[in-house]
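> Encoded as structure tokens, here's the structure I'll be asking about.
The values are calculated or read from the model by the stated rules, or taken from the named source; none is laboratory data. Please read these numbers as outputs of a predicted model, since none were measured by experiment. Cβ coordinates were reconstructed from backbone atoms using ideal geometry, including for glycine residues, and neighbour counts include every protein chain displayed.
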Amino acid sequence: MKHLCSIESLSAAEILEILALSRKVKACRGSEPSKPLAGECWGLLFSKSSTRTRVSFEVGIRELGGDALFLSASEIQLGRGEPIEDTARVLGRMIHGAVIRTFKQSDIEIFARLSGIPTINALTDEEHPCQILADLLTIEELRGSLDGVKVAFVGDADCNVGRSWIWAAARLGFELRLACPDLYRPPAGLLARANGQVSITGDPEEAACGADVLYTDVWVSMGKEEEADYRAAQFARYQINERTVAAALPNAPVLHCLPAYRGKEITEDVFEKNAGAIFRQAENRLHVQKAVMMLLKS
């Protein structure tokens, strides 16, 4: 593995390798046997705001012995129209790895190809691979295994998280159920390409019926703020609440990639009852991302 551009680009074996190393990294945090990024400086190029992603990568890079250089779009020429091709060829001669959070998936892929340094997708409009890897680790920890797991995703199934879940299901062979309005279904071409065990319904309780894991995300993703009122009306019934939880298997965890808007995609009560799982999920971003960086350097 030279880069982490997407879940789509990973094989099942690579996903399982990342998860296995993540478990080891988590277990030995604070007493790491090596510092694989010692003497290196990694750049964080963020065109979108972040809490968990920025903090987990900066901490992870430092715990692996490296230095982190945060570069927002407003601070570099990329934000003033410099082509990603030129940014890649400049930074590739100065830094040792790049973590990029931006809009276009093609920017990640161009940077990875032209920079010559390990490149990690920290979120694009198309995919959010680090989040889904952390989610898979969390489900493994809570369930003991990913074998035969049934995941119900409620909300915008055509967002970056939903799309990454589609590829994860296809690669690992588990069942994914998507509950969403018709306007927010993933494209038929994507589903055909992935060719996984993915079903789509307009009924959240139908998707949740007998599910091992319930999952949701915000109704209004970054960059869609002008659609907030319209989306709120479209997604009003696509909420994880007591009825949705009751349809799932007993003690099925509810996960949320955060930030969460209580009373919208999830109720306050359901969120707080599942806070242990949700904040474990957030913590696991750190461990998974450290494992990814270690594998990119191996």
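> Of all residues being of a type in the set (F, W, Y) and touching a residue at least 40 places away in the same chain (Cβ under 8 Å) in the stretch 161-200, which is nearest to Q281 (Cα to Cα)? Just the residue, please.
First, pick out the residues of the stretch 161-200 that are of a type in the set (F, W, Y): 165, 167, 174, 184.
From what is left, the residues that are touching a residue at least 40 places away in the same chain (Cβ under 8 Å) are 165, 167, 184.
Values: W165: 15, W167: 19, Y184: 25 Å.
Step by step, filter the stretch 161-200, then rank; the result is W165.
> Does any residue of the stretch 265-275 turn out to be at pLDDT 95 or above and among the hydroxyl-bearing types (S, T, Y)? Spell out the reasoning first.
Pass one, the stretch 265-275, residues at pLDDT 95 or above: 265-275.
This time we only want the ones that are among the hydroxyl-bearing types (S, T, Y), so: 267.
Yes, the stretch 265-275 has at least one match.
> Could you tell me whether the stretch 46-61 includes any residue that is surrounded by 14 or more Cβ atoms within 10 Å (Cβ to Cβ), in a loop (DSSP other than H, G, I, E, B) and out of contact with any strand residue (DSSP E or B) (no Cβ under 9 Å at 6 or more places or on another chain)?
Narrowing the stretch 46-61 to residues surrounded by 14 or more Cβ atoms within 10 Å (Cβ to Cβ): 46-48, 50, 52-54, 56-61.
If we keep only those that are in a loop (DSSP other than H, G, I, E, B) as well, we get 47-48, 50.
In the following step, the residues that additionally are out of contact with any strand residue (DSSP E or B) (no Cβ under 9 Å at 6 or more places or on another chain) were identified as none.
No: zero hits.
> Across the stretch 204-228, which residue is nearest to C180 (Cα to Cα) among those that are surrounded by fewer than 23 Cβ atoms within 10 Å (Cβ to Cβ) and either in contact with a Pro (Cβ under 9 Å, 6 or more places away or on another chain) or among the basic types (K, R) (or both)?
V218
> If you don't mind, another one. Of the residues I110, I76, I84, which is at pLDDT 95 or above, more than 26 Å from A277 (Cβ to Cβ) and outside the structural domain of A207 (by TED's automatic domain parsing)? Steps first, answer last, please.
On the way: I76 fails: at pLDDT 95 or above; I84 fails: at pLDDT 95 or above.
So the residue among I110, I76, I84 that is at pLDDT 95 or above, more than 26 Å from A277 (Cβ to Cβ) and outside the structural domain of A207 (by TED's automatic domain parsing) is I110.
> Determine, yes or no, whether V198 is farther than 21 Å from A236 by Cβ, crowded, with 24+ Cβ neighbours inside 10 Å and at pLDDT 95 or above.
Numbers: farther than 21 Å from A236 by Cβ: yes; crowded, with 24+ Cβ neighbours inside 10 Å: no; at pLDDT 95 or above: yes.
Answer is no for this residue.
> Further question on the same structure: Quick one: R29 ticks every box in (1) over 30 Å from I166 (Cα atoms); (2) in contact (Cβ under 8 Å) with a residue 60 or more places away in the chain; (3) touching a Lys or Arg at 6+ places or on another chain (Cβ under 8 Å) bar one, so which box is it?
Exception for R29: condition (3).
> Determine whether A260 is under 20 Å from A134 (Cα atoms), surrounded by 12 or more Cβ atoms within 10 Å (Cβ to Cβ) and small (G, A, S).
On the way: under 20 Å from A134 (Cα atoms): yes; surrounded by 12 or more Cβ atoms within 10 Å (Cβ to Cβ): yes; small (G, A, S): yes.
For A260, the condition - under 20 Å from A134 (Cα atoms), surrounded by 12 or more Cβ atoms within 10 Å (Cβ to Cβ) and small (G, A, S) - is met.
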